[in-house]
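The values are calculated or read from the model by the stated rules, or taken from the named source; none is laboratory data. What you are looking at is a predicted structure, and each value in this text was computed from that prediction instead of being measured. Note that each Cβ is placed from the backbone with ideal geometry, even for glycine, and that neighbours are counted across all protein chains shown. Please note that ligands, DNA and RNA were not included when accessible areas were found on the heavy atoms of the full protein model with its side chains. Shrake-Rupley method; radii C 1.70, N 1.55, O 1.52, S 1.80 Å.
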Amino acid sequence: MQTALVAGVGMVKFSKPGSNKPFREMAAESIRIAMSDAGLEVGDIGQAFASHVYEVTGSGQHAIYDVMQTGIPIININNACASGSSGLFVARQLVESGASDCVLVVGFDEMPSGAIPLDFTTEMVGSRIDRVLDEHQYPLSAHGDILRWFGAAGMHYMEKYGANSDIFAKVAVKSRAHASNNPFAVMTAPLSFEQVVSAPVLYGDYLTKYMACPPTCGAAAAIIVGSSFAKQKGINNAVAIRAQSMVTDTPESWSDALMACGYGNTSRAAAEVFEASGVGPQEIDVVELHDCFTTNEVVSYEALQLCGEGEATRFIADNQNTYGGSVVVNPSGG
């Protein structure tokens with residue numbers, strides 16, 4: 001087993017639907033940036049994974065062909081919000097095992113405007129979440145199932161710990177302040193607490209427009225190499241992947257709204273990487289986490305052990321989730 005290293009990365013500026021370049025152009029640009037960052041040539045890449053959700057079969061080939069057509073395996077991955085992580089997960093394993101010396105992972109999407117539709121002709125795993133929420137009588141949403149999932153998770157958190165919905169608004173204010181320093185972010189104008197809470201309500205009586213992420217288009221790429229390959233190519237500034245974990249649901253996942261939306265999965269994955277890396281949660285300085293809704297960020301604080309169970313209100317009030325606090329969460333803006 002050899003160490004998997006991130007030799008180069010590339011990202012394009014993200015944009016609103018309709019103002020973006022075609023996905024293949026965004027993806028190709030991010031790949032070229034990553035290749036330049038790594039100091040590698042197209043002939044060095046042994047395999048490639050293309051992660052996307054809204055594109056069709058073969059989109060990975062269509063995008064990568066603009067950069068290289070070297071006959072390598074190109075595998076498309078559609079695994080919902082974990083698509084990019086899944087590509088990195090497989091690439092890392094290939095490199096660590098010695099099956100490949102150099103693997104490209106690229107993620108991209110052109111999203112449609114408006115609420116994310118779940119327009120499937122057959123059942124999908126989200127149907128299990130719906131059944132849990134139906135059982136516990138959480139209200140439906142006029143804006144789609146996904147909004148209901150995370151809106152209900154926020155409601156359950158407030159019910160369980162006596163929290164106020166203000167915490168979700170404060171996270172939105174914090175994240176937008178971070179985004180103002182990120183040239184790749186879509187929306188960089190600061191938000192006030194009053195703007196967040198007075199915005200149109202999307203779920204229940206609390207979750208507003210500014211607590212939800214907008215549809216966004218963009219692309220990013222990473223090149224994963226083995227330690228021996230890096231030495232051979234003179235790559236001296238690569239970053240080692242110290243630990244990574246991916247998990248899926250257990251029967252416990254369907255016990256309540258929080259668990260159904262991934263609290264238990266996040267907790268188990270975090271525990272695995274803390275153990276594998278020998279690094280504890282209180283040693284973490286920076287966290288980039290999935291914040292499709294600010295409710296998900298709040299419950300993730302506790303699942304990641306950044307604070308104790310039910311302690312997110314104090315964690316947020318004390319500004320422990322930003323610069324000057326114990327950990328900077330989503331410095332990118334989320």
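The mean sequence separation of alpha-carbon pairs under 8 Å and at least six residues apart, normalised by the residue count of the chain, gives a relative contact order of 24 percent. Among beta bridges from DSSP that stay inside the chain, the antiparallel ones total about 65%.
Taking every protein chain into account, the accessible area of the chain amounts to 48 square angstrom per residue (probe 1.4 Å).
Split the accessible area of the chain by element, probe 1.4 Å, and carbon with sulfur accounts for 52%.
Here volume of the Cα convex hull per residue in Å³ was computed from the coordinates, and among (i) 230; (ii) 143; (iii) 174 the match is (ii). Stretching the chain fully between residue 57 and residue 198 yields a gain of 46.6 nm (0.36 nm per residue, less the alpha carbon separation). When the square roots of the Cα gyration tensor eigenvalues are ordered a ≥ b ≥ c, the ratio a/c for the stretch 240-326 is 1.5 or more and a/b does not exceed b/c, which makes its shape oblate.
Packing around the peptides 148-154, 307-313, taken as the average count of other Cβ atoms within 10 Å per residue, puts them in this order, highest first: 148-154, 307-313.
For the pair residue 69 and residue 314, the difference between a 0.36 nm per residue extended length and the Cα-Cα distance amounts to 82.9 nm. Length available on full extension from residue 164 to residue 286: 0.36 nm per residue minus the Cα-Cα distance, which gives 41.4 nm.
Computed from the C-beta positions of residue 41 and residue 128, the FRET efficiency with R₀ = 51 Å rounds to 0.65.
A simple spin-label model places pseudo-atoms 7 Å from Cα toward Cβ; at residue 15 and residue 93 they are separated by 3.6 nm.
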